[in-house]
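Novice: So that we are looking at the same thing, I have put the structure below in structure tokens.
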DNA sequence: GTAACCAGTTACCTGTAGTTAACTAATAGC
DNA sequence: GCTATTAGTTAACTACAGGTAACTGGTTAC
């Protein structure tokens, strides 16, 4: 970006780019709920996922937050919102093709969470 | 866990476990700075990383936040803190062996951030 | 003695993420 | 008419993440 300091070398430059990329990710995916919602929806692609069902199964999320997060995710083209012709009306939320790009992300966070819990157990025993 | 509802099947149960694991990850790694710090330190394992240097190179972080986040990371056994015998005294921060378990996590967040930026560009052009 | 470097700490403040609870509006069943 | 379901919205609040700026305490160099 523009002028480069003399002491800047390739590794430093690429490091800054990496950090910038990660800032982007954190900004878009950060917070308590977005990745949980995305994970839930990708685990349920074969089913109809309507609002109340999602709220019931993602423990602790309020209607307000779910509504807000789903809007954000829709704006970022991660999920689609479709009105179902049922009575009472239900709204189906589904992961988009682009939303599936988050599968590796949530995969690794799930795995890290599981591993971390194991690690804590071991630390206590030893 | 304990009692399992009748309608609960294996997929649903494992989904809840996945979500719990991801909640753990988000709780420990969440926020604006922790993963950035970890990424920075893993990219600089061959060098001495003292406080001011980290603050200079992670753009925008305040001394207060850096201090707090480093403490948290140390408590979670992700980084070590060693006093260097220099004048003036410097404190070296380094990623632990366990802290390296975050490399795949930050790798994928860096990659997703880069890809997302590309995707946005394409969307604008089309 | 004063300016500059290091590694923080402290106090004060703000913005926003997130919570709770009440409410709208539509439909269906009893 | 009453209750229950759906999908949210709105208001009022809280708590904490994070920002800003001044300050400590030690060392070196001029």
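Novice: Mind checking the angle between helix B:103-125 and chain B's longest principal axis? C-alpha axes, 0 to 90 degrees, to the nearest 10.
Specialist: Roughly 80 degrees, rounded to the nearest 10.
Novice: Using a Förster radius of 41 Å, what is the FRET efficiency between residue B:65 and residue A:103 based on their Cβ-Cβ separation? Nearest 0.05, please. Please report the intermediate quantities before stating the final value.
Specialist: Working: r = 31 Å, r/R0 = 0.77.
Here the calculated transfer efficiency is 0.85.
Novice: May I have the convex hull volume per residue, in Å³, for the Cα set of the protein assembly as shown?
Specialist: Numbers: hull volume 40.8 nm³, N = 252.
Per residue, the Cα convex hull of the protein assembly as shown comes to 162 Å³.
Novice: Please give the calculated 222 nm ellipticity per residue for the protein assembly as shown, where each DSSP H segment of at least 4 residues contributes -39500 (n - 2.57) and the sum is spread over every residue; nearest 500 deg cm²/dmol? Intermediate results must be reported in sequence, preceding the final value.
Specialist: Numbers: 10 runs with 144 residues, N = 252.
Helix contribution divided over all residues of the protein assembly as shown: -18500 deg cm²/dmol.
Novice: Follow-up. Return the chain B residue and its Cβ-to-axis distance, rounded to the nearest Å, for the rotation relating B to A.
Specialist: Value returned for chain B: B:108, 3.
Novice: A further question follows. What ranking of B:82, A:96 emerges when the number of other C-beta atoms within 10 Å of each C-beta is taken as an exposure proxy, fewest first?
Specialist: Working: B:82 11, A:96 15.
Going from sparsest to densest Cβ surroundings: B:82, A:96.
Novice: Compute the label-point distances linking residue B:83 to its equivalents in the other copies; points lie 7 Å from Cα along Cα→Cβ; give nm, one decimal, shortest first.
Specialist: Distances between equivalent label points, in nm: 6.8.
Novice: So, one more: With r as the distance between the Cβ atoms of residue A:83 and residue B:94 and R0 = 51 Å, compute the FRET efficiency 1/(1 + (r/R0)^6) and round to 0.05. Don't jump to the answer; show the numbers that get you there.
Specialist: Values: r = 54 Å, r/R0 = 1.06.
Computed FRET efficiency for residue B:94 and residue A:83 comes out at 0.40.
Novice: What is the mean number of Cβ atoms from other protein chains located within 10 Å of the Cβ atom of each residue in peptide B:25-31, rounded to a whole number? Don't skip to the end; give the middle numbers.
Specialist: Working: counts 12, 10, 2, 3, 5, 5, 3.
Taking the mean over all residues of the peptide, I get 6.
Novice: While we're on this one: Against the longest alpha carbon principal axis of chain B, how many degrees, from 0 to 90 and to the nearest 10, is the axis of helix B:63-75 turned?
Specialist: Tilt of helix B:63-75: around 60 degrees.
Novice: Partner chain Cβ atoms within 10 Å, averaged over the residues of B:32-43 - can you pull that number for me? Kindly include the intermediate steps, with their values, before the conclusion.
Specialist: Details: counts 4, 2, 1, 6, 6, 1, 1, 5, 5, 0, 1, 7.
The mean count of partner-chain Cβ atoms within 10 Å per residue comes to 3.
Novice: Could you estimate the translational diffusion coefficient of chain B from the Stokes-Einstein equation, with Rh from the Kirkwood formula over C-alpha pairs, at 37 °C and 0.692 mPa s, in whole µm²/s? Write out the running numbers ahead of the final one.
Specialist: On the way: Rh = 17.3 Å.
Diffusion coefficient, whole number: 190 µm²/s.
Novice: Under 10 Å, Cα contacts only: if you run a Gaussian network model on chain A, which one of A:31, A:60, A:99 comes out with the highest mean-square fluctuation?
Specialist: Comparing A:31, A:60, A:99 in a Gaussian network model of chain A, the most mobile one is A:60.
Novice: Considering the range A:27-101, what Rg and Dmax in Å follow from its alpha-carbon atoms?
Specialist: Expressed in Å, the Cα Rg and Dmax of the range A:27-101 come to 11.6, 38.
Novice: Let me ask something additional. Pick from B:75, B:29, B:102: which residue has the top mean-square fluctuation in a GNM of chain B where Cα pairs under 10 Å get a spring?
Specialist: B:75
Novice: I would also like to ask the following. Any idea how far apart residue B:53 and residue B:14 come out in nm if each label point goes 7 Å out from Cα toward Cβ?
Specialist: Placing both labels 7 Å beyond Cα along the Cβ direction yields 4.5 nm.
Novice: I want to verify a result. In a Gaussian network model of chain B, Cα cutoff 10 Å, which of these has the top mean-square fluctuation: B:95, B:105, B:79?
Specialist: B:105
Novice: Right, another one. With each pseudo-label sitting 7 Å past Cα toward Cβ, what's the residue B:120-residue A:45 distance in nm, one decimal?
Specialist: The modelled label-to-label distance comes out at 2.6 nm.
Novice: If each label sits 7 angstrom from Cα along the C-beta direction, how far apart, in nm, is residue B:117 from its counterparts in the other copies?
Specialist: From this label point to the equivalent ones elsewhere in the assembly: 3.5 nm.
Novice: Defining the label point at 7 Å along Cα→Cβ, can you sort the distances from residue B:104 to the same site in each other copy, shortest first, in nm?
Specialist: 1.2
We did not get these values from a lab; they are worked out from the coordinates using the rules stated. Small disclaimer: the values here were computed from a predicted structure and weren't measured. Note: ideal-geometry Cβ built from the backbone for every residue, glycine included; neighbour counts use all protein chains shown.
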